[in-house]
Protein chains: 2
Amino acid sequence: MMKVKEVADLVGISVRTLHHYDEIGLLSPDAITESGYRLYSNNNLETLQQILFFKELDFPLKKIKEIIKSPTFNREEALFMHRKLLLEKRNRLDVMIRTIDKTISYTKGEIQMSNQEKFEGFDFSQNPYEQEARERWGDEAIDQSKAKVGKMSKDEQAAMGEKMNEIYRNLAALRHESPASPESQAAIKKWYDILNKMGNYSLEAFKGLGQMYVDDERFTKNIDQFGEGLAAFMRDAMAVYADTNQ
Amino acid sequence: MMKVKEVADLVGISVRTLHHYDEIGLLSPDAITESGYRLYSNNNLETLQQILFFKELDFPLKKIKEIIKSPTFNREEALFMHRKLLLEKRNRLDVMIRTIDKTISYTKGEIQMSNQEKFEGFDFSQNPYEQEARERWGDEAIDQSKAKVGKMSKDEQAAMGEKMNEIYRNLAALRHESPASPESQAAIKKWYDILNKMGNYSLEAFKGLGQMYVDDERFTKNIDQFGEGLAAFMRDAMAVYADTNQ
DNA sequence: TGTTGACTCTAACGTTACGTAATACCTTAT
DNA sequence: ATAAGGTATTACGTAACGTTAGAGTCAACA
């Protein structure tokens, strides 16, 4: 249980913001002391994390409230969507950085840029970013009358979990061979495919994920349950896969 | 000369926004028709580009106005600063994406994340991003009484330009050797160093810039003035340099 | 035990950057 | 010349807090 300022300092927002979120019913602390102090639980913090992700994607608080209060709200699905949208935002930033690079270099060479070029990366309405998000979260998740296409049922989730375990076991069996061997690469391809059913991973991201498997020991521990050294093996196999399939 | 809607559509903002910028004196069109229609010049568009860069970095319009109206305002310097800050913003996004990846994977493995971890990438106040920008633009660029440390005089700029030309010529002379040869790499290192005096280029960015030298023909043309094929040679040398100096 | 200093509360008005009408004039294609 | 679509001004609305202001709370130190 944390008090307002602790939370505010932890996540880098103002106390007033937390007050505000309480006011509008977006995030009310799980407990309140006798003297009226707000006490935030770990659960509250998770919700806050979700809220901030949505905010980073420029969703209005009103919409965020609708979304996370909705009974059909799926935390996992939201995370994958966030990931995807953040990646797109990152790409826009990349384009803007490129635009700057061009501008800088052109200035030196007295080259004229077209007006189009000057604003590459700025026009947010052109790319599907907002559109798609609103369709997905604004309609599908809220309007319960619509069919929940693309969403997984509990059963499907369980099935997917089992498939993932199978791939783990498969990889564990191969882990003493070369990560670049055809068998290893075939197995790791399955891993890539199943991840992409959920989250849309780029090859680069896939490679990065593999690195995390060994960088973060809790990850490592979790994966190595299927066999000592599996995490490291997967990292290598994932790197090879990413590099050879560019 | 473009009318409001043309401009709005080009850059992806609303007509109202342009009206607003005119209202507050941030960006007034260079010309107005008899009937009062706003007509934006190419110059206006460049200013608008600057404004949008600052906005992307969350500067309030009031500050943006102060900055770009200031007589000490240096467009080049601003571009470099923008580049740097956008890169930092991109890095924050990367951290957030990582955080999501962790959250997703941990959820599967029933691993607990620390509260700290949950909010990695969110706390914008901790990194120098805003701080630095305000110091640089809020004080130094505005408050004319302060010394303009770190800023280049006209003379220094000219000197730097001459140095760059020298490197070009040097590289041109080497362009029929291997881009990986010690001489080529020594020359390209100079290029890297001089760019970094101005803009803080990562190795990755440096490599990307090299690619642009051949992707964009205006670039190519400009560079190849020093010798046919120099742009392509530089791209290769820059790639080698980036890869070997990681 | 009293007193500070840092923290917390509610209440309420202020601010930024536009959105959203409403009303009226301008321009261009048919 | 008439309709469709663009533009102008004026003005009120709104979202997400910022910013006092006044008062109570808590932990530690004198």
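The values are calculated or read from the model by the stated rules, or taken from the named source; none is laboratory data. None of the values given here were measured: they were computed from a predicted structure. Cβ atoms come from the backbone with ideal geometry, glycine included; neighbour counts cover every protein chain shown.
Descriptive notes on the structure:
- When the residues of the range B:56-67 are filtered to those that are surrounded by 14 or more Cβ atoms within 10 Å (Cβ to Cβ) and either free of Cβ contacts under 8 Å to residues at least 40 places away in the same chain or touching an Asp or Glu at 6+ places or on another chain (Cβ under 9 Å) (or both), the one that is farthest from the other protein chains (Cβ to nearest Cβ) is B:Ile64.
- In the range B:175-200, the residues that are modelled with pLDDT of 90 or more form Cβ pairs under 9 Å with partners that are surrounded by 13 or more Cβ atoms within 10 Å (Cβ to Cβ) and basic (Lys, Arg), at six or more places apart or across chains, as follows: B:Pro179/B:Arg235; B:Ser184/B:Arg175.
- Sole exception among (1) in a loop (DSSP other than H, G, I, E, B); (2) of a type in the set (A, V, I, L, M, F, W, C); (3) within 13 Å of DNA strand D (Cβ to nearest atom) for B:Leu10, by number: (1)
- The conditions of being touching a residue at least 24 places away in the same chain (Cβ under 8 Å), touching a Phe, Trp or Tyr at 6+ places or on another chain (Cβ under 6 Å) and closer than 20 Å to A:Asp94 by Cα are met by B:Leu52.
- Scope the range A:5-55; condition β-branched (Val, Ile, Thr) and at the interface with chain B (Cβ under 10 Å from one of its Cβ atoms); matching residues: A:Val7, A:Val11, A:Ile13
- Test result for A:Asp9, within 12 Å of DNA strand C (Cβ to nearest atom) and in contact with a Ser or Thr (Cβ under 6 Å, 6 or more places away or on another chain): no
- Residues in the range B:38-54 that are within 16 Å of DNA strand D (Cβ to nearest atom) and part of a helix (DSSP H, G or I): B:Asn44, B:Leu45, B:Leu48.
- Of the candidates B:Asn43, B:Asn74, B:Asn91, the single residue that is polar (S, T, N, Q) and under 30 Å from A:Leu209 (Cβ atoms) is B:Asn91.
- Remark: A:Ala239 falls outside the filter, which requires a residue to be out of contact with any Leu (no Cβ under 9 Å at 6 or more places or on another chain), at pLDDT 85 or above, crowded, with 20+ Cβ neighbours inside 10 Å and closer than 27 Å to A:Met81 by Cα.
- Each residue in the range B:12-41 was checked for being more than 9 Å from DNA strand C (Cβ to nearest atom) and under 16 Å from B:Ile51 (Cβ atoms), and 10 pass.
- For the range A:160-192, the tally of residues that are among the aliphatic types (A, V, I, L, M), away from chain B (no Cβ under 14 Å) and under 22 Å from the mean Cα position of the chain (by Cα) stands at 1.
- For A:Leu27, the conditions (1) away from DNA strand D (no atom under 11 Å from the Cβ); (2) assigned to a loop (DSSP other than H, G, I, E, B); (3) buried (at least 17 other Cβ atoms within 10 Å of the Cβ) all hold with the exception of (1).
- Test: residue in the range B:205-220 that is assigned to a helix (DSSP H, G or I), at pLDDT 85 or above and in the same structural domain as B:Met164 (by TED's automatic domain parsing): no
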